[in-house]
Amino acid sequence: MVEVQLEPDYTYPPGLLIAFSACTTVLVAVHLFALMISTCILPNLEAVSNVHNLNSVKESPHERMHRHIELAWAFSTVIGTFLFLAEVLLLCWVKFLPLKKQDGTQKPGENSTVSAGEAAAYASTSIMVPCGLVFIVFAVHFYRSLVSHKTDRQFQELEELSNITRLQNELDHRVDAPNMQTSPGLFP
């Protein structure tokens with residue numbers, strides 16, 4: 001959670017304060033949701049790992065709540081990290097924007113349209129936006145790699161099942177074949 005002391009004599013843009021407040025609230029809520037799911041599931045995982053009965057594993061809540069666990073992971077790692085980047089960016093704007101020139105005099109070499117606080121906010125934005133884009137590209141690439149691996153693994157398992165079925169059918173036909181050959185001999 002971020003503690004911010006706002007400048008009482010500065011009028012902040014309402015959109016900035018609303019965005020900062022909403023981002024902070026959603027960031028905390030997302031991580032608390034992920035923490036709740038993790039806290040609720042962990043004791044079941046430990047309990048099931050100590051039981052060596054396969055039916056207990058299938059009946060365990062962590063198997064039934066597989067989607068919730070993945071959702072908590074996505075919230076915590078993907079959405080939470082993206083919200084954290086946005087939070088840092090908004091925090092820079094909230095803290096640096098009020099820094100205005102103390103007097104009306106302009107020093108040589110200074111830009112008269114942008115204050116030092118605005119320049120710092122723009123600098124943080126110019127750093128965080130590329131970082132955010134790199135984060136998004138990496139997250140998409142990583143997720144696609146995971147999905148591709150899972151799909152390849154499923155195809156391998158299907159091929160293994162197909163081979164097992166084929167071998168079982170061959171064994172069944174071998175057992176049936178001697179019976180067919182001996183049956184004409186029984187009936188002349």
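The values are calculated or read from the model by the stated rules, or taken from the named source; none is laboratory data. All figures in this text were calculated on a predicted structure; none of them were measured in a lab. Please note: Cβ atoms are built from the backbone with ideal geometry, for glycine as well, and neighbour counts cover all protein chains shown. What goes into the accessible areas is simple: the full protein's heavy atoms, side chains included, and nothing from ligands, DNA or RNA. Shrake-Rupley method; radii C 1.70, N 1.55, O 1.52, S 1.80 Å.
Restricting the first residue to segment 139-162 and requiring it to be under 22 Å from residue 79 (Cβ atoms), which pairs with a second residue that is assigned to a helix (DSSP H, G or I) and open to solvent by 80 Å² or more (accessible area, probe 1.4 Å) meet a Cβ separation below 9 Å and a spacing of at least six or different chains?
Qualifying pairs under 9 Å: 139/82.
Could you tell me how many of the residues in segment 8-37 are out of contact with any helix residue (DSSP H, G or I) (no Cβ under 7 Å at 6 or more places or on another chain) and in a helix (DSSP H, G or I)?
12
Let's see how each residue does on (1) open to solvent by 100 Å² or more (accessible area, probe 1.4 Å); (2) modelled with pLDDT under 90:
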site	(1), (2)
108	yes, yes
111	no, yes
114	no, yes
117	no, yes
126	no, no
130	no, no
135	no, yes
141	yes, no
148	no, no
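Residue 92 fails exactly one of the following numbered conditions: (1) out of contact with any helix residue (DSSP H, G or I) (no Cβ under 9 Å at 6 or more places or on another chain); (2) at pLDDT 80 or above. What is the number of that condition?
Evaluating residue 92 over (1) out of contact with any helix residue (DSSP H, G or I) (no Cβ under 9 Å at 6 or more places or on another chain); (2) at pLDDT 80 or above leaves (1) as the failure.
Can you confirm whether residue 75 is over 24 Å from residue 7 (Cα atoms), surrounded by 17 or more Cβ atoms within 10 Å (Cβ to Cβ) and at pLDDT 70 or above?
Numbers: over 24 Å from residue 7 (Cα atoms): yes; surrounded by 17 or more Cβ atoms within 10 Å (Cβ to Cβ): yes; at pLDDT 70 or above: yes.
In short, yes.
Please verify whether segment 39-61 includes one or more residues that are modelled with pLDDT under 75 and in contact with a Ser or Thr (Cβ under 7 Å, 6 or more places away or on another chain).
Scanning segment 39-61 turns up at least one residue that is modelled with pLDDT under 75 and in contact with a Ser or Thr (Cβ under 7 Å, 6 or more places away or on another chain).
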